[in-house]
Amino acid sequence: MKKIVLVWQFLMVMGCCSLFAQDIFEQANNAYAEGRYADALELYQEVLYAELPEDTRPADSRLAPVYYNIGNAYFKQGELAQAILAYERALRLKPNYKDAQYNLRFAQSRITDNITEQDFFLSSWARTVRNSLSEQTWRVLSIGLFILSLTGILLFLLHRTTWVRKTAFHTAWLALLFALVTGLNASSLHRRDANRSEAIITQGVVNAKSSPDRSGTDLFTLHEGTKVTIRETLGEWVNIRVGQYEGWIRLQNLERI
C-alpha cells in the first residue's frame, strides 16, 4: 500500500509540473507575439527544465514545439546558429515536423556555408528514410513485423490449406525482412542519438586544422550554422567531417544537437 501511495504522489507531482510548464509555455507564446523575443526565449528555456535537466530528460516528442519556438525566438534575434540548432533538435524528437523542416531550410539558406553530403545516392536515400521516423516508431514497427512473421510461420506449419500455407510463407519471410530493416534503422538512430555525433558550428568563423593543435595547417573555413559530424574527440579538440572535408576544430566552437 505504501508503494501505491508513493506512486500516486509522484504522479500528482508530475501532473503539477506539467501544468506549471504549460502555463510558462503560454506566457512564452504571449511574449513572442508581443515581440519580446528575449523574454520568450527565457520562458521557453524554463519549460525545457521544468521537469528534468537536459542530460536526463527523455526524448519526448511533446518537447518538439518548445524547441521549434526557441528556434523562432533565436532567429528573430539574429542568432542563426542557435536557431538552426533548435530546429534540428525539434526534428530529432519529431522527424515529420513540417514547420520545423521549413524553418530549418529557410535558416540554412541564410548561412555562409552550404556544404552538402556527396554520398552515393542509395546511401543518401537510406539516410533520408531512416530520419523520416523516430527511433521509437522504427522499434515498434520492427516488433510488429517480427510478430507478423512468427504468425506466418505458425500458419505455414499448422494449416492444411495449400493457398493459406503459401500466403503465410511469403508473408513470413517478407515481414522478417522488413523487421530486420526497421530494426537496423532503430539501432542506427539510437547510436546517432547516444553518441550525439552531429553538431552545429556556433562561432562566427572557424578554421579547421590538419591536426589537433594551434600549429596545424588551416584546411578550410566554416561559419556559424554549419552542420558537421563529429568523428573523434581528443581533449578540447574534435575531428569533424562536413561534406567531403575533414579537419580538427576546438570543441568550444560547436554544440551537439
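Laboratory data are not the source of any read-out in this text; all were calculated from the coordinates shown. As the structure is a computational prediction, the values presented were derived from the model and not from experiment. Here the Cβ positions follow ideal geometry from the backbone for every residue, glycine too, while neighbour counts run over all protein chains shown.
Where the only charges are on Cβ atoms (+1 Lys, Arg; -1 Asp, Glu), what is the dipole of the chain about its Cα centre, to the nearest 20 debye?
On the way: 28 positive and 26 negative charges, 282 e Å.
Dipole about the Cα centre, nearest 20: 1360 debye.
Rg/Rh for region 198-256 to two decimals, with Rh computed the Kirkwood way over all alpha-carbon pairs.
The Rg/Rh ratio comes out at 0.90.
Along the Cα→Cβ direction, 7 angstrom out, place labels at residue 255 and residue 196. What is the inter-label distance in nm?
Output for this residue pair reads 1.1 nm.
Count of lysine pairs in the chain with Cα atoms under 20 Å apart, counting only pairs 8 or more residues apart in sequence or on different chains?
Details: 76/98; 94/227; 98/227; 209/227.
For the chain, qualifying lysine pairs total 4.
Subtracting the Cα-Cα distance from 0.36 nm times the residue separation, let me have the gained length for residue 62 to residue 180 in nm, one decimal.
Residue separation times 0.36 nm, minus the Cα-Cα distance, leaves 39.7 nm.
Under the rule of at least 5 residues apart or a separate chain, name every residue whose amide H is placed under 5 Å from the amide H of residue 216.
Placed amide hydrogens put 211 under 5 Å from residue 216.
Debye calculation, C-alpha points only, no solvent: report log10 I(q)/I(0) for the chain at q = 0.11 Å⁻¹, in the same order as the q values.
Once normalised to I(0) and log-transformed, intensities are -0.78.
Using +1 at the C-beta of Lys and Arg and -1 at the C-beta of Asp and Glu, which of 153, 100, 50 has the Cα lying farthest in the positive direction of the dipole of the chain?
Of the candidates, 153 comes out farthest on the positive side.
For the modelled label position 7 Å from the Cα of residue 165 along Cα-to-Cβ, which residues of region 140-154 have backbone nitrogen atoms closer than 16 Å?
152-154
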